[in-house]
Structures are given as structure tokens and as C-alpha cells.
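Q: Structure below; questions to follow.
The values are calculated or read from the model by the stated rules, or taken from the named source; none is laboratory data. Remember, it's a predicted structure, so these values are computed and weren't measured experimentally. As a convention, Cβ positions derive from the backbone with ideal geometry for all residues, glycine included, and neighbour counts pool all protein chains shown. Accessible surface areas use protein heavy atoms only, side chains included; no ligands, DNA or RNA. Shrake-Rupley method; radii C 1.70, N 1.55, O 1.52, S 1.80 Å.
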Amino acid sequence: MAENFKNKVIWITGASSGIGEALAYAFSAAGAKLVLSSRRVEELERVRKACPYAEQVKILPVDLLETTSLDKKTADAIACFGHIDIMVHNGGISQRSLVIETDIEVQRKVMELDYFSYIIITKALLPHFAERKSGHFVVVSSVMGKIGTPMRSAYAAAKHALHGYFDCLRAEVSPMNIKVTLLTPGYIQTNVAVNAVTKDGKPLGATSGDIASGLSADAAAQQILRAIAKGAYETYIGKFGAEKIALWLNRFFPSVIIKKAPGLIPK
Ligand SMILES: NC(=O)c1ccc[n+]([C@@H]2O[C@H](COP(=O)([O-])OP(=O)(O)OC[C@H]3O[C@@H](n4cnc5c(N)ncnc54)[C@H](OP(=O)(O)O)[C@@H]3O)[C@@H](O)[C@H]2O)c1
């Protein structure tokens with residue numbers, strides 16, 4: 001598998017922690033050249049230094065909520081090594097609050113970060129991929145991109161939107177040798193719940209048992225590299241647990257999860 005990534009230039013957002021950090025180590029070990037982005041420069045520098053081939057890793061600070069900066073940031077990312085082979089859209093935030101209580105500004109913020117920032121960067125990068133007749137968009141969605149459960153309306157809405165947009169994009173660009181892989185992780189051991197926004201935008205500040213007992217970020221990264229190497233359209237990432245069963249049940253028997261299997265609904 002490593003040969004698929006040797007000397008490939010890969011831009012990863014959300015690379016300062018969790019899944020993005022684990023992806024940085026896995027891609028670097030496979031010989032890739034990396035551009036790492038997120039807001040916290042010190043954390044990006046820590047990740048860069050810990051990469052097996054740190055000299056092949058560059059840092060590009062990006063705030064995905066500063067959407068007017070993203071065209072320029074995309075040009076800066078291309079300039080790091082002269083081109084980009086793989087774009088990993090991963091940076092983002094989750095949410096934990098009931099619909100009835102959630103401030104509309106929280107709904108907007110999650111959509112802006114988890115959806116609009118991805119499509120702005122994609123549109124900025126697409127002419128580069130088209131000119132090269134090559135490129136791969138990798139999109140970290142979620143099981144919540146396929147189903148809806150309590151307390152996650154903003155997050156599930158943004159993740160569902162990614163599937164609509166990137167499925168359309170794939171249909172448009174696959175004749176140009178441009179690939180699109182959507183990933184739907186289940187529970188992965190990261191700070192995603194700790195950082196999740198609540199009804200008024202404040203972080204939740206605590207993790208959940210489901211995430212604490214989920215797949216390690218390093219193991220998730222290995223599954224993701226395999227999915228990218230295969231050029232998968234859409235792949236579940238995680239343990240064979242309740243969330244994978246919920247995905248399948250929701251597809252074929254959507255009423256069962258709410259009425260008959262509430263234990264599959266995450267707390
Ligand atoms: N862990 C799970 O169980 C799980 C399940 C399904 C999907 N996911 C998805 O996996 C992706 C990565 O999350 P994670 O689990 O690794 O959580 P995480 O540890 O909280 O990582 C989130 C990353 O996003 C970055 N980020 C947050 N706000 C940003 C902003 N405004 N601009 C730029 N970067 C920003 C953070 O970096 P800075 O703070 O440095 O900016 C951090 O690197 C997310 O898209 C999440 O929805 C996670």
C-alpha cells in the first residue's frame with residue numbers, strides 16, 4: 001500500500017489532532033510529502049516534528065471559518081511543493097444539542113465549517129486537478145452523514161450535504177481521472193466530542209463512552225489509507241459496532257432504529 005503514496009503531495013486539514021494527526025503519521029511513513037493545516041500552529045509543528053520524514057512536511061495555518069481566505073490558502077498549499085495529488089478534507093467540529101434549544105448561529109457555524117469550507121477549497125483546487133488530469137478528493141464525513149440521531153442536527157445536516165455535493169462532483173469529474181472518496185467514520189478515539197459545540201456555541205468539554213471505546217485514530221488512519229489506495233467511492237471507517245449496524249439498518253429499515261433499536265442511538 002505504501003507505494004501508492006510515495007512522493008505524493010497530500011494536503012490534510014484538521015491535521016493538529018485526532019484523525020488528521022494520525023493520517024499525517026501514516027502518510028509520512030508511506031513516503032508522502034505533506035501540507036498540514038489547522039488553526040493551532042504549535043500543534044501542527046508538534047505533529048510535523050513527529051512525522052517519520054519531517055523534512056517532507058510543511059505547515060500551512062488555516063482557519064476554515066475564514067472562508068474568504070480559502071482561495072488564497074489553496075494557492076499557498078499548491079505552492080508548498082508545486083502541486084497537490086490528494087486533498088484530505090478532515091478539519092471540522094461536531095455538535096451536541098437538541099434542535100429546539102440550538103441557536104441558529106450554531107447551526108450556521110457548523111454548516112460553514114463542516115460543509116462550506118470544504119466546497120470552497122474544492123472549487124479552488126479543481127482547476128489545478130483538471131489541468132493535471134489527476135487528483136483525489138478525500139472527504140471525512142461521518143456515520144452522521146448517512147443517518148440522523150438526537151442532539152446532532154447541525155452536524156448531521158452538514159455531513160449529509162457533503163454526500164450530495166461530492167457524489168455530484170464524482171459524477172462530473174471521474175471522466176477527467178479525478179477521484180472522490182467519502183469516508184463515514186463511526187466512533188474514533190479523538191477529541192471530537194470534547195470540542196463539539198453545544199446549544200449556545202460553547203464546547204461540550206467532555207468525551208463519551210462510545211468514543212472512548214471506539215477505534216484508535218491510528219487504526220482508523222490505516223483503514224483510510226486502504227480506502228484511498230483502492231479509490232473507494234464511500235467507505236465506513238471504524239470497529240464493527242453499533243454504529244455500523246445502525247448504518248445498515250437505517251438504509252433498509254429506517255423506522256427500526258427509532259422504534260425497535262433505540263440502544264443503537266448514540267448518547
Ligand atoms: N472521532 C470520531 O468519532 C469521528 C466520527 C466521525 C467523523 N469524524 C470527523 O473526523 C474529522 C476529524 O475530527 P477528529 O475526530 O479528529 O476530532 P478533533 O481531534 O477534534 O480534530 C478536529 C480538527 O479540526 C481542526 N479544526 C477545528 N476547527 C477548525 C477551524 N475553524 N479551522 C481549521 N481547522 C479546524 C482542529 O484543529 P485546530 O483546533 O488546530 O484548528 C483539529 O485538527 C471531523 O471532520 C469529524 O467530523 C470524527
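Q: Run the numbers on region 22-87 and let me know its relative contact order in percent, using alpha-carbon pairs under 8 Å that are six or more apart.
A: 30 percent
Q: Where does each of 52-64, 145-157, 214-226, 243-255 land if you order them by average Cβ count within 10 Å, highest first?
A: Taking the mean over residues of other Cβ atoms within 10 Å, the ranking is 145-157, 214-226, 52-64, 243-255.
Q: A further question on this structure: Residue by residue through region 12-22, which ³J(HN,Hα) values in whole Hz follow from phi under the Karplus form 6.51 cos²θ - 1.76 cosθ + 1.60 (θ = phi - 60°), with glycine and proline marked x?
A: 10, 8, x, 8, 8, 6, x, 5, x, 4, 5
Q: Along the Cα-to-C-beta direction of Lys202, a point sits 7 Å from the Cα; which residues of region 83-98 have their amide N less than 16 Å from that point?
A: Residues 96-98 qualify, since their backbone N sits under 16 Å from the label point.
Q: For region 114-165 and region 197-237, what is the centre-to-centre distance using only Cα atoms, to the nearest Å?
A: 15 Å
Q: Which residue fluctuates most in the GNM of the chain (Cα springs below 10 Å): Ile257, Ile228, Ile237?
A: Evaluated over the chain, the most mobile residue of the options is Ile257.
Q: Something else: Per residue, how much accessible area does the chain have with a 1.4 Å probe, in Å²?
A: With the other protein chains kept in place, the chain gives 45 Å² per residue.
Q: Given a 10 angstrom Cα cut-off, can you work out which residue in Cys168, Cys80, Cys51 is the most mobile in a GNM of the chain?
A: Checking each option, the largest mean-square fluctuation is seen for Cys168.
Q: Could you tell me which of rounded, prolate or oblate describes region 163-267, using a ≥ b ≥ c as the square roots of the eigenvalues of the alpha-carbon gyration tensor, with rounded for a/c under 1.5 and, failing that, prolate when a/b is larger than b/c and oblate otherwise?
A: Prolate.
Q: At 1.4 Å probe size, with the rest of the protein present, what percent of the exposed accessible area of the chain is carbon and sulfur atoms?
A: Roughly 56 percent of what the probe reaches on the chain is carbon or sulfur.
Q: Where does helix 70-81 land angle-wise versus the long Cα axis of the chain, in degrees 0 to 90, nearest 10?
A: 50 degrees
Q: Let me ask another. Pairs Lys8/Lys239; Lys72/Lys159; Lys73/Lys202; Lys58/Lys109; Lys202/Lys230: which are spaced more than 31 Å apart, C-alpha to C-alpha?
A: In this structure, Lys202/Lys230 lie more than 31 Å apart at Cα.
Q: Does region 177-232 classify as rounded, prolate or oblate by the C-alpha gyration tensor (a ≥ b ≥ c root eigenvalues; a/c under 1.5 gives rounded; else a/b over b/c gives prolate, otherwise oblate)?
A: oblate
Q: Listed highest first by mean packing, meaning other Cβ atoms within 10 Å per residue, what order do 96-107, 133-144 come in?
A: Per-residue Cβ counts within 10 Å, averaged per peptide and sorted highest first, yield 133-144, 96-107.
Q: For the chain, what is the percent of antiparallel DSSP beta bridges, rounded to the nearest 5?
A: Here the share of antiparallel DSSP bridges comes out near 5 percent.
Q: If the elastic network links every pair of Cα atoms under 10 Å, which of Ala22, Ala50, Ala30 fluctuates the most in the Gaussian network model of the chain?
A: Its mean-square fluctuation being the largest, the pick is Ala50.
Q: While we're looking at this one, here's another question. If contacts are Cα pairs under 8 angstrom and at least 6 residues apart, what is the relative contact order of the chain in percent?
A: 18 percent
Q: What is the magnitude of the charge dipole of the chain about its Cα centre, with +1 placed on the Cβ of each Lys and Arg, -1 on the Cβ of each Asp and Glu, and no other charges, expressed in debye to the nearest 20?
A: 580 debye
Q: For a test of the definition: using alpha carbon positions, the gyration tensor, and the 1.5 limit on a/c, classify region 56-147 as rounded, prolate or oblate.
A: Here region 56-147 falls in the prolate category.
Q: Still on this model: Express the C-alpha Rg of the chain as a ratio against the empirical globular expectation 2.2 N^0.38 Å, rounded to two decimals.
A: 0.96
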